[in-house]
Amino acid sequence: MVGRVNALGVHAYVWVERWSREDCRRAVWATAEAGFDLIEIPLLDPSSVDVDDTRQVLEEHGVQAACSLGLAAETDISSDDPAAVTAGRRLLDDALWATRQLGATMLTGVLYGRLGRYTEPLTTSGRTNAVATIRELCAAAAPEGITIGLEPVNRYETNGLNTAEQALRFIDDVGTDNLAVHLDTFHMNIEEADLASPVHACAERLGYVHLGESHRGALGTGTVDFPSFFAALAQAGYTGPITFESFSSAAAAPELSSTLCIWRESWTDAMAVARAATRFVHEQSAAAAARTG
Ligand code: MN
């Protein structure tokens, strides 16, 4: 898997706090300028996104989009509260509609429950609710050619899926083809035994990747074992998007900082950290390709 088979993406929050028409222009321009192919657009509030305008800006710059979100307490489909499950289903439907309007083929994130710290384990009935709701979402997404991604995140951000194995079991229970695992190295570094075996466990069910450093700052400046991860991606023949995700209090919206505990300024120059990320990915990919032959 040498070269540019993978679309190289960047999370919109590297550039902007929200998604006004002006934010959209700035973020999509910067994405192309820094050398990325794709921008990940957050759909926490899908109705606030001017999808027609965004699609036009994406086309002007030749940038692809992927979409993501995490659910909130009042839209938690893994809840035992039917009102929350219904509200979550409605939000996911709205996000799917926006994904289609943006011309994206991936809707991913913490779609299976609330993004935030739980103080109780996931209940059996809550998991059943989440599986049923994701099954309905996948059924609606399939005719649109959209894949749904499930991003396992660390224990402080969900009680649902912390590891690739749990995500694979969830996918088996849902039983649809357009459901994929979305691995994030920041979370893997906390929850997995190593950075390679989850990639191999997922194999063709890996559909999306976040590159996050151990402190969520610049790539290559923390403790994540990126050489192992890139070698595993090359060995597995992964051809999907690889998206740089990083947060700094210099750029993150206050409510996001509170959810993800972004208390420090890891960087101030978004363009510099983004350009460094593209160089880092090319170096790591080339080194992995050279090792795997
Ligand atoms: Mn992530």
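The values are calculated or read from the model by the stated rules, or taken from the named source; none is laboratory data. A quick note: this is a predicted structure, and the numbers were derived from the prediction, not measured. Note that each Cβ is placed from the backbone with ideal geometry, even for glycine, and that neighbours are counted across all protein chains shown. Just the protein is used for accessible areas: all its heavy atoms, side chains included, with ligands, DNA and RNA removed. Shrake-Rupley method; radii C 1.70, N 1.55, O 1.52, S 1.80 Å.
Quick one: accessible surface of V273, probe radius 1.4 Å, all protein chains present, in square angstrom to the nearest 10.
The accessible area comes out at roughly 10 Å².
Could you pull out every residue, at least 5 positions away or on a different chain, whose amide H is within less than 5 Å of the one on H210? Hs are placed 1.01 Å off N in the peptide plane, and Pro or chain starts have none.
Long-range HN contacts for H210: L183, D184, T185, T243.
Stick to the Cα atoms of segment 148-293, pair each with every other, and give me the Kirkwood hydrodynamic radius in Å at one decimal.
This gives a value of 15.8 Å.
List, in order, the whole-Hz ³J(HN,Hα) value for each residue of segment 173-185 obtained from phi through the Karplus relation with A = 6.51, B = -1.76, C = 1.60 and θ = phi - 60°; use x for Gly and Pro.
In residue order, the calculated couplings are 5, 6, x, 10, 7, 9, 10, 10, 8, 10, 8, 10, 5 Hz.
Using a 1.4 Å probe on the protein heavy atoms only, what accessible surface does W15 show? Give it in Å² to the nearest 10.
30
What 222 nm value per residue comes from the helices of the chain, counting each DSSP H run with n ≥ 4 as -39,500 (n - 2.57) and dividing by all residues, nearest 500 deg cm²/dmol?
-13500 deg cm²/dmol
Rg to Rh for the chain: what is it, with Cα atoms only and Rh by Kirkwood?
Rounded to two decimals, Rg over Rh is 0.93.
Specify which residue in the list I77, A95, A34 is farthest towards the positive end of the charge dipole of segment 32-100, using unit charges on the beta carbon of Lys, Arg (+1) and Asp, Glu (-1), about the Cα centre.
I77
Just need the relative contact order of segment 2-126 here, percent rounded to a whole number, with Cα pairs under 8 Å and 6+ apart.
Relative contact order, segment 2-126: 24 percent.
Keeping the other protein chains in place, figure out the carbon and sulfur percent of the accessible area of segment 169-293, with a 1.4 Å probe.
Of the solvent-accessible surface of segment 169-293, carbon and sulfur hold 50 percent.
Expressed as a whole percentage, what fraction of the accessible surface of segment 1-73 belongs to carbon and sulfur atoms when a 1.4 Å probe is rolled over the protein heavy atoms?
46
Measuring with a 1.4 Å probe in the full set of protein chains, what accessible area per residue, in whole Å², belongs to the chain?
Accessible area per residue, the chain: 41 Å².
Quick one: 3J(HN,Hα) in Hz for segment 271-276, Karplus 6.51/-1.76/1.60 with θ = phi - 60°, rounded, Gly and Pro as x.
Once θ is set to phi - 60°, the couplings for segment 271-276 become 5, 5, 5, 6, 4, 4 Hz.
Under the Karplus relation 6.51 cos²θ - 1.76 cosθ + 1.60, θ = phi - 60°, what is the ordered set of whole-Hz ³J(HN,Hα) values for segment 19-33, x standing for Gly and Pro?
9, 6, 4, 5, 4, 4, 4, 5, 5, 6, 4, 5, 4, 5, 4
How many angstrom lie between the C-alpha centres of segment 171-203 and segment 8-26?
Each part reduced to its Cα centre gives a spacing of 26 Å.
Just want to confirm a number: the relative contact order over segment 116-189, from Cα pairs under 8 angstrom separated by 6+ residues, in percent.
RCO, segment 116-189: 38 percent.
If you place +1 on the Cβ of every Lys and Arg, -1 on the Cβ of every Asp and Glu, and leave all else neutral, what size is the dipole of segment 172-271 about its Cα centre, to the nearest 20 Debye?
Numbers: 3 positive and 14 negative charges, 50 e Å.
Here the size comes out at about 240 debye.
I'd like the accessible area for H200, computed on protein heavy atoms only with a 1.4 Å probe and all protein chains in place. Round to 10 Å², please.
Near enough 90 Å² of accessible area.
Would you please give the residues with an amide H less than 5 Å from that of A65, counting only those at least 5 places away or on a separate chain, with H modeled from the backbone geometry?
Close amide H contacts, sequence-distant or interchain: I39.
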